[in-house]
Amino acid sequence: MTIVEHSVKRTLAALLAAITISTAHAQSLPGGFVYLREIDPGIIQDIRYATSNNFVGRPLAGYNAGECVVKREVGLRLKAAQAELAAQNLSLKMFDCYRPARASLDMVRWSQIGHETAAERRYNPKIPKTELFRLGYIASRSQHSTGAALDLTLVDLKADNSGKYDPSRSYADCTAPVEVRAPEGSVDMGTGYDCTDTKGHTAAPSITPEQRAWRKRLVAAMARQGFVNYAKEWWHFSLPGAGGAPYDFPIQPRRN
């Protein structure tokens, strides 16, 4: 091997090593974060902000993969809650977990655009989106960005959960009966996910006894693992003390 060939080979090896290290760093998670699938792959995931099936109508900034990322302690407590629910033929279903800070700012920018589409109005049928920030439904700084907050629901594993969201269909708003609003493959909590309406408040008096029972069941299962519910959103929970500073790393596909 000539000196030139040896030099080229060494340069290529260095470049390959640099690419490998760069990829590994891009796929690693900071600050004690983990992919929930690595702790409990049985928990159902439907990370809505990585899709167009959400109130903005497109993937949010930083959601490069539909993966639930959480602090390890949060993941372990979710695993414990799932084990308890599995004995009742139920499962947790994650809608959102860690949220990059840039995604919260994306929400704020969206709320400041006065024009609203019919699809957007499904999520906030009575409140103009320009008011969502002031009323506390959207925040420029979210607990989700610390890895300690979650949006989730329950799935009855004995029920028919085959209904899928069809973007070409016109659904009723999020407060309508479950038969006519967008399907979510979960129990009927009285509203759809991310419904910015008083009916979405956890203790809303306008829901049926059965819907109230499901909400109480979810709150109780999460409370037994230390999670606290946000009163304005039946789907939102946080784990006190598990957060810290907000993060802004994007959610990337998980390595197999």
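The values are calculated or read from the model by the stated rules, or taken from the named source; none is laboratory data. If you're wondering where the values come from, they're calculated on a predicted model, not measured in any experiment. Here the Cβ is made from the backbone with ideal geometry for all residues, glycine too, and neighbour counts use every protein chain on show.
So here's what we get for this one:
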| quantity | calculated |
| --- | --- |
| Tally of residues being in contact (Cβ under 8 Å) with a residue 60 or more places away in the chain and of a type in the set (Phe, Trp, Tyr) across region 197-233 | 2 |
| Residue that is surrounded by the most Cβ atoms within 10 Å (Cβ to Cβ) [pool: residues in region 126-170 that are in contact (Cβ under 8 Å) with a residue 40 or more places away in the chain, touching a Leu at 6+ places or on another chain (Cβ under 7 Å) and assigned to a loop (DSSP other than H, G, I, E, B)] | Ala148 |
| The listed residue being surrounded by 19 or more Cβ atoms within 10 Å (Cβ to Cβ) and of a type in the set (A, V, I, L, M, F, W, C), out of Val108, Val69 | Val69 |
| Count of region 62-76 residues which are aliphatic (A, V, I, L, M) and either more than 23 Å from Asp106 (Cα to Cα) or free of Cβ contacts under 8 Å to residues at least 60 places away in the same chain (or both) | 2 |
| Count - residues of region 38-81 that are assigned to a loop (DSSP other than H, G, I, E, B), within 21 Å of Ala221 (Cα to Cα), over 14 Å from the mean Cα position of the chain (by Cα) and not charged (D, E, K, R) | 2 |
| Unmet requirement for Pro100, which otherwise passes all of (1) surrounded by fewer than 21 Cβ atoms within 10 Å (Cβ to Cβ); (2) touching a strand residue (DSSP E or B) at 6+ places or on another chain (Cβ under 8 Å); (3) not charged (D, E, K, R) | (1) |
| Residue match in region 189-201 (condition: among the β-branched types (Val, Ile, Thr) and not in a loop (DSSP other than H, G, I, E, B)) | yes |
| Boolean, Ala242 is surrounded by fewer than 17 Cβ atoms within 10 Å (Cβ to Cβ), in contact with a helix residue (DSSP H, G or I) (Cβ under 8 Å, 6 or more places away or on another chain) and either at pLDDT below 95 or of a type in the set (Phe, Trp, Tyr) (or both) | no |
| Check on Ala203, within 25 Å of Lys129 (Cβ to Cβ), over 21 Å from the mean Cα position of the chain (by Cα) and not basic (Lys, Arg) | yes |
| Pair list, Cβ < 7 Å and 6+ apart or interchain, from region 85-96 residues that are touching a residue at least 40 places away in the same chain (Cβ under 8 Å) to residues that are in a helix (DSSP H, G or I) and aromatic (Phe, Trp, Tyr) | Asp96/Tyr49 |
| Test result for Arg255, surrounded by fewer than 13 Cβ atoms within 10 Å (Cβ to Cβ) and farther than 16 Å from Glu73 by Cα | yes |
| Within region 211-231, tally of residues that are surrounded by 17 or more Cβ atoms within 10 Å (Cβ to Cβ) and charged (D, E, K, R) | 2 |
| The one condition in (1) closer than 22 Å to Thr117 by Cα; (2) surrounded by fewer than 16 Cβ atoms within 10 Å (Cβ to Cβ) that Ala86 fails to fulfil | (1) |
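For every residue, the table says whether it meets (1) of a type outside the set (A, V, I, L, M, F, W, C); (2) closer than 17 Å to Ala149 by Cα; (3) touching a Ser or Thr at 6+ places or on another chain (Cβ under 8 Å).
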position	(1), (2), (3)
Tyr193	yes, yes, yes
Thr202	yes, yes, no
Ser206	yes, no, yes
Glu210	yes, no, no
Trp214	no, no, no
Gly226	yes, yes, no
